[in-house]
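*Asks:* Below are the structure tokens for one structure; questions will follow.
Nothing in this text is a laboratory measurement; each read-out follows from the coordinates by a stated rule. Keep in mind that this is a model prediction, so the values were computed, not measured. Methodologically, a virtual Cβ is constructed for each residue, glycine included, from the backbone with ideal geometry; neighbour enumeration extends over all protein chains shown.
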Amino acid sequence: MATETALTAKQILSEPGAPVIVFDHVVLAFDDKVVLKDVSFTLIKGHTKIILGASGSGKSTALKIVVGLLKADSGVVWVNGQRVDQLGERDLMGVRSDLGMIFQEGALFDSLTVRENVGYKLYEETDLPLEQIDRRVQEVLGFIGLSEHIDKMPSELSGGQRRRVAIARAISFRPSIMLYDEATTGLDPITATTVDDEMIKLRDLENVSSIIVTHQLRDAFYVAEHMAERDANGKVRVVPATAEKEREAEFIMLRDGIIVFEGGADALRSSKDPYIRQFLS
Amino acid sequence: MLSLLERRLKKAALEVQEYLGLVRLAIQGTFSRPFYRHDIVEQFDLIGWGSLTVVLLAGLFTGMALASQSGLTLDQFGARPVVGRLVSASMIKELGPVLTALMLTGRVGSGIAAELGSMVVTDQINALRALGTDPMRKLVVPRVLAGIFMAPALTVVSDFIGVLGGWLVARYQLQVNSSLYWASVTKGLYMNDVWMGLSKPFVFGFLIATIACHVGLRTGGGTAGVGKATTVSVVAGSVAVIAADFFVTQIFIGLLY
């Protein structure tokens with residue numbers, strides 16, 4: 001007689017090494033243009049997937065399919081154990097409650113203050129007490145170092161500050177998966193590093209799984225090769241990653257809708273593929 | 001190879017299909033949770049109270065011009081004293097509803113299309129969806145409800161101020177006795193005319209808001225697209241109002257007269 005109980009999907013997904021996102025033979029075309037030809041990848045819990053590629057290669061499209069903003073023409077997409085390619089808009093709300101997404105340029109609501117933007121989901125879509133939401137908003141703004149801007153409008157912020165507020169908005173409801181769509185594009189190197197540090201802190205201190213879409217090689221390698229840790233005083237530092245940590249960051253390169261590379265930072269750097277060499281130069 | 005006409009017809013059919021889809025979702029969102037009460041109240045204020053000034057001005061000058069012009073014509077028949085009847089009937093049956101709707105198309109329709117279009121091109125609509133909010137319920141339903149209920153309210157205001165403007169001209173330019181004017185205003189009003197004049201704005205308000213929301217949410221092409229969406233919203237809204245005026249009038253004539 002069997003004595004062990006089958007694990008629930010939730011239990012399976014909470015174990016280390018569990019896949020939180022599975023993209024399986026996904027195809028998407030807009031009219032005659034095929035954007036994703038046959039894309040497959042898996043994101044493991046707590047790990048980072050960095051999707052590189054030139055403009056128009058399908059990177060952002062892949063992210064939008066994960067969160068259900070676009071529907072694939074064929075293929076299977078699993079997010080936290082649910083088939084998002086089969087869900088309607090109403091059912092996708094449940095999936096999105098565990099996904100935080102950063103859009104290019106931040107996509108902050110320009111008629112709302114920073115406070116209202118960061119706490120948007122908590123104010124609008126939950127029944128939490130206002131004091132609790134305000135405390136959470138203060139907490140996340142403190143995490144990204146923008147507490148003093150809480151009552152400003154997005155138009156009063158710099159580009160880098162808007163991206164960081166967008167990150168604060170996305171993490172306010174504690175998602176376990178973060179999706180970054182060109183989060184550092186258009187920023188100066190110093191500001192971009194600040195945003196990269198937020199991504200690293202979330203991944204390593206909050207155990208958030210991440211997909212980072214970018215064509216900025218500098219930021220891609222920075223995130224893959226650094227990690228966040230607390231020192232003896234509890235202060236957070238971003239330091240070069242250990243070998244084990246580096247293995248948790250994997251690169252995917254998309255070209256014309258197909259994956260032409262999948263592997264770690266070292267394998268990417270030492271690739272002999274002419275397109276990859278040209279991309280990295 | 002499809003001919004140009006076939007392509008245009010296909011495109012038009014697709015637009016109508018998408019528009020009807022938006023209307024269906026808006027109706028669903030009106031009668032099922034969640035409701036965004038704060039946004040509904042805000043839109044009632046922006047569309048209703050915010051349009052009051054332009055509606056007052058349009059109604060006043062329309063009534064005055066109507067009295068002026070009709071006074072001259074009625075003079076030929078020695079019927080100047082009944083100018084009030086003509087002003088009230090014209091304002092309440094046609095000019096009040098249609099001109100108010102056209103003012104709303106320009107002010108409110110363009111604003112809705114521009115706002116929603118800007119949100120589309122800056123990914124704010126996608127951000128709303130990613131944060132678990134249905135843009136239909138949050139953005140479209142409040143605007144449609146405000147359009148449906150504020151258009152009739154503003155039309156009543158426009159009708160009243162138009163009749164009042166007509167009195168000003170009748171009293172001080174046409175030298176018509178005030179009591180004669182107001183007596184002819186009420187004498188010339190039939191309940192059928194009032195029903196028609198008060199029913200049309202509900203239809204107009206619905207059309208203005210839904211067309212503006214549809215055009216705004218389908219904006220593409222960056223800031224140039226937003227400008228184009230604004231123009232399309234005003235033109236399409238205006239044509240829809242004028243066309244709907246004809247059809248609604250025919251329906252009411254068939255039902256009531």
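*Asks:* What does the charge add up to near A:Val34, with Lys and Arg as +1, Asp and Glu as -1, over the other residues with Cβ less than 11 Å from its Cβ?
*Replies:* Around A:Val34, the charge tally is -3.
*Asks:* Per q in 0.10, 0.13, 0.20 Å⁻¹, report the Debye log10 I(q)/I(0) for the range B:38-157, using one uniform scatterer on each alpha carbon and no solvent.
*Replies:* -0.44, -0.62, -1.03
*Asks:* Something else now. Compute the Kirkwood hydrodynamic radius of the range A:16-137, taking the inverse of the mean of 1/r over all pairs of distinct Cα atoms, and give it in Å to one decimal.
*Replies:* Its Kirkwood hydrodynamic radius stands at 16.3 Å.
*Asks:* Separate question: Over what distance in Å are the Cα centres of the range B:160-185 and the range B:188-207 separated?
*Replies:* Result: 23 Å between the Cα centres.
*Asks:* With point charges of +1 on the Cβ of Lys and Arg and -1 on the Cβ of Asp and Glu, referenced to the Cα centre of the range A:123-187, which listed residue (A:Ala166, A:Tyr123, A:Leu187) lies farthest in the positive direction of the dipole?
*Replies:* A:Leu187
*Asks:* Starting with the fewest neighbours, write out A:Ile212, A:Ile258, A:Ile167 ranked by other beta-carbon atoms found within 10 Å of each beta-carbon.
*Replies:* Listed from fewest to most nearby Cβ atoms, that is A:Ile258, A:Ile167, A:Ile212.
*Asks:* Return the distance in nm (one decimal) between the two label points of a simple spin-label model at A:Ser281 and B:Arg33, each offset 7 Å from Cα along Cα→Cβ.
*Replies:* 6.2
*Asks:* Moving on. Averaged across the residues of B:130-139, what count of C-beta atoms belonging to other chains lies within 10 Å of each residue's C-beta?
*Replies:* For peptide B:130-139, the averaged partner shielding equals 6.
*Asks:* How many percent of DSSP beta bridges within chain A run antiparallel, rounded to 5?
*Replies:* 55
*Asks:* Based on Cβ point charges of +1 for Lys and Arg and -1 for Asp and Glu, what charge dipole magnitude is obtained for chain A about its Cα centre, in debye rounded to the nearest 20?
*Replies:* The calculated dipole for chain A is roughly 280 debye.
*Asks:* If you take each beta carbon of peptide B:120-128 and count the beta carbons of other chains within 10 angstrom, what is the mean?
*Replies:* 6
*Asks:* Neighbour counts of other C-beta atoms within 10 Å: give me B:Met64, B:Met103 arranged from fewest to most.
*Replies:* Ascending number of Cβ neighbours within 10 Å: B:Met103, B:Met64.
*Asks:* How many angstrom lie between the C-alpha centres of the range A:248-281 and the range A:32-81?
*Replies:* Value for the Cα centre distance between the two parts: 16 Å.
*Asks:* So what are the three principal axis dimensions of chain B from its Cα atoms, in whole Å, longest to shortest?
*Replies:* Extents along the principal axes, in whole Å: 67, 48, 36.
*Asks:* Could you pull out every whole DSSP H run in chain B that spans at least 15 Å of Cα extent along its own axis and averages 0.0 or higher on the Kyte-Doolittle scale?
*Replies:* TM-like helix candidates: B:4-30, B:52-75, B:110-121, B:141-172, B:191-217, B:222-256.
*Asks:* Would chain A count as rounded, prolate or oblate if I go by the C-alpha gyration tensor, calling it rounded below 1.5 in a/c and otherwise prolate when a/b exceeds b/c, oblate otherwise?
*Replies:* It is rounded, given that a/c, with a ≥ b ≥ c, falls under 1.5.
*Asks:* Next question. Please list A:220-233, A:39-52 highest first by mean number of surrounding beta-carbon atoms within 10 Å per residue.
*Replies:* A:39-52, A:220-233
*Asks:* Using packing as a proxy for protection, rank A:126-139, A:88-101, B:204-217 so that the peptide with the highest average count of other Cβ atoms within 10 Å comes first.
*Replies:* Top to bottom by mean Cβ count within 10 Å: B:204-217, A:88-101, A:126-139.
*Asks:* Under the definition of partner shielding as Cβ atoms of other protein chains within 10 Å of a residue Cβ, what is the mean value for peptide A:95-104?
*Replies:* Shielding by partners across A:95-104 averages 3.
*Asks:* Show me the chymotrypsin sites (Phe, Trp or Tyr not before Pro) within the range B:6-87 that DSSP assigns to loop and that have at most 13 other Cβ atoms within 10 Å of their Cβ.
*Replies:* Sites meeting the loop and neighbour criteria: B:Phe31, B:Phe77.
*Asks:* Moving to a separate point now. What list do you get for B:Val203, A:Val76 if you sort them by fewest beta carbons within 10 Å?
*Replies:* Result, fewest neighbours first: A:Val76, B:Val203.
*Asks:* Now, a different point. In units of 2.2 N^0.38 Å, what is the alpha-carbon radius of gyration of the protein assembly as shown?
*Replies:* Rg over 2.2 N^0.38 Å, computed on Cα atoms: 1.25.
*Asks:* For the protein assembly as shown, what proportion of DSSP beta bridges, expressed in % and rounded to the nearest 5, is antiparallel?
*Replies:* Of all bridge pairs located within the protein assembly as shown, approximately 55 percent are antiparallel.
*Asks:* What is the range B:35-256's relative contact order, in percent, from Cα pairs under 8 angstrom and six or more apart in sequence?
*Replies:* The normalised contact order for the range B:35-256 reaches 36 percent.
*Asks:* Quick check: from the Cα gyration tensor, does the range A:77-156 come out rounded (a/c under 1.5), prolate or oblate?
*Replies:* prolate
*Asks:* On a 21 Å Cα-Cα criterion, which of the cross-link pairs A:Lys45/A:Lys121; A:Lys37/A:Lys59; A:Lys37/A:Lys64; A:Lys64/B:Lys10 come out too long?
*Replies:* Beyond 21 Å: A:Lys45/A:Lys121; A:Lys64/B:Lys10.
*Asks:* Still on this structure, please answer the following. Would you please put B:181-191, B:85-95 in order of how densely packed they are, using the mean number of other Cβ atoms within 10 angstrom per residue and starting with the highest?
*Replies:* The most tightly packed comes first, giving B:85-95, B:181-191.
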